[in-house]
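**Student:** Below is one structure. I have some questions about it.
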Amino acid sequence: MKTGKNNLKSGFTLIEVIITLVVIAVVAAMIAVYFGTSYTQSSVSISRLMAADNLNQIMEKITGDYNNAPTTWSPGTAYTSGTAPPTVVLPTEANRNGYQYICTSAGTSGATEPIWASYTTIGSTVPDGGVTWTNGGLIPPNPWAASTPYTQYAVVYPANGYQYICTVAGTSGTSQPSWPTTIGSTVPDGSVTWQCFQPLVALQTKIGAEVAGGHDYTQTFNGVSISYRVIQNRFITFDATNTENDSCTPSSCNNTSGVNVYGTYLKVTIGLPMAASPRTADTLTTLFVRR
């Protein structure tokens, strides 16, 4: 008599399959609830970071223009010349040599950085792609110095709240001139001629007028064209409790001592222009203080 051998095969029952599918569905639902927003909006935080970085770069260029603080040289960049304040750069950090270089012939910088160490004589010219730089002396801000050669567009700070731009190159005299405080007026100094410049008033005009609801502008700061939206651009002062008074006018902007300080504190709030991409509604405020 032959007997048959039963081959038993193990596997999932229908109930087990259904339970497994239900568990997977529940877990997937939980992931969607807890992590779905992170996945779907992960690009939002990146866009905000990019927008914030763009705002900081814009304000850095505006601030550098006011301080006449040179920006760092960069390749393939269009630079302008003949402006006041002038377009000034510093070598990159690795090649910094204590001197600033003034753009005296506009154009686009080269792909590789000039060898600045070969041009440490004040007044020497540096070829750089389509740009020509001129050694403008030591990095500002610089006080006036006697019997010192100054190139055109060099800037000195005599610590009287104004700055003076060299409009005629030459060598300064043996004693400091009597500095004028009328914007645009000039003073001879040895063979140099200086022109009075009140940076905050000029900066306010250059940034652009404040318009209700904001207004977009494109302007060149430190030789680089930038676009931004002006939200606020006005002179302010403070009372005895340091409360801001933002309704200053040229004839009425008194401090706690009753002195008109119009032109001392400039409050600027900017945002990205409407056409910017990425763009957020974030703004950035800086208080400029006249030196």
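The values are calculated or read from the model by the stated rules, or taken from the named source; none is laboratory data. All figures in this text were calculated on a predicted structure; none of them were measured in a lab. A quick note on method: Cβ atoms are made from the backbone with ideal geometry, for glycine too, and the neighbour counts reach across all protein chains shown.
**Student:** Within the range 239-289, track down each residue that is surrounded by 17 or more Cβ atoms within 10 Å (Cβ to Cβ), at pLDDT 85 or above, β-branched (Val, Ile, Thr) and not in a strand (DSSP E or B).
**Tutor:** 280 - this is the single residue of the range 239-289 that is surrounded by 17 or more Cβ atoms within 10 Å (Cβ to Cβ), at pLDDT 85 or above, β-branched (Val, Ile, Thr) and not in a strand (DSSP E or B).
**Student:** Inspect the range 219-238 for any residue being at pLDDT 85 or above, outside any strand (DSSP E or B) and over 17 Å from residue 66 (Cα atoms) and give the result as yes or no. Lay out the reasoning, then the answer.
**Tutor:** Initial filter on the range 219-238 (at pLDDT 85 or above): 219-220, 225-238.
Among the residues that remain, those that are also outside any strand (DSSP E or B) are: none.
Looking through the range 219-238, none of the residues is at pLDDT 85 or above, outside any strand (DSSP E or B) and over 17 Å from residue 66 (Cα atoms).
**Student:** Still on this structure, I have one more. So, in the range 188-211, how many residues would count as being assigned to a loop (DSSP other than H, G, I, E, B) and not polar (S, T, N, Q)?
**Tutor:** Here is the first cut: in the range 188-211, the residues assigned to a loop (DSSP other than H, G, I, E, B) are 190-191, 198, 208-211.
Going one step further and asking which of them are not polar (S, T, N, Q), we end up with 190, 208-211.
Adding up the residues that qualify gives 5.
**Student:** Looking only at strands (runs of 3 or more DSSP E) that lie completely in the range 118-176, which have at least 1 residues being over 27 Å from residue 290 (Cβ atoms) and among the polar types (S, T, N, Q)? Give the steps one after another, and end with the answer.
**Tutor:** On the way: elements: 125-128, 131-138, 163-168.
By residue number, 125-128, 131-138.
**Student:** Condition (residue is of a type in the set (Phe, Trp, Tyr), under 30 Å from residue 101 (Cβ atoms), in contact (Cβ under 8 Å) with a residue 12 or more places away in the chain and touching a helix residue (DSSP H, G or I) at 6+ places or on another chain (Cβ under 9 Å)) applied to the range 262-282: is it met by at least one residue?
**Tutor:** No.
**Student:** Okay, next question. Return the residues of the range 220-262 that are in contact with a strand residue (DSSP E or B) (Cβ under 8 Å, 6 or more places away or on another chain) and under 30 Å from residue 130 (Cα atoms); say none if nothing qualifies.
**Tutor:** 220, 222, 223, 224, 225, 226, 227, 228
**Student:** Please work out which residue is modelled with the lowest pLDDT, limiting yourself to the range 64-117 and to residues that are more than 12 Å from residue 224 (Cβ to Cβ) and in a helix (DSSP H, G or I).
**Tutor:** 67
**Student:** Among the hydrophobic types (A, V, I, L, M, F, W, C), in contact with a Gly (Cβ under 6 Å, 6 or more places away or on another chain) and either under 17 Å from residue 87 (Cα atoms) or modelled with pLDDT under 95 (or both): is that true of residue 154 in this structure? Talk me through it step by step, then tell me what you get.
**Tutor:** Values: among the hydrophobic types (A, V, I, L, M, F, W, C): yes; in contact with a Gly (Cβ under 6 Å, 6 or more places away or on another chain): yes; either under 17 Å from residue 87 (Cα atoms) or modelled with pLDDT under 95 (or both): yes.
Yes: the conditions hold for residue 154.
**Student:** Mind checking whether some residue in the range 275-290 is within 30 Å of residue 148 (Cβ to Cβ), in contact with a Ser or Thr (Cβ under 8 Å, 6 or more places away or on another chain) and among the basic types (Lys, Arg)? Walk me through it before giving the result.
**Tutor:** Residues of the range 275-290 within 30 Å of residue 148 (Cβ to Cβ): 288-290.
If we keep only those that are in contact with a Ser or Thr (Cβ under 8 Å, 6 or more places away or on another chain) as well, we get 288-290.
Adding the requirement that they be among the basic types (Lys, Arg) leaves 290.
Checked against the condition, which is being within 30 Å of residue 148 (Cβ to Cβ), in contact with a Ser or Thr (Cβ under 8 Å, 6 or more places away or on another chain) and among the basic types (Lys, Arg), the range 275-290 yields at least one hit.
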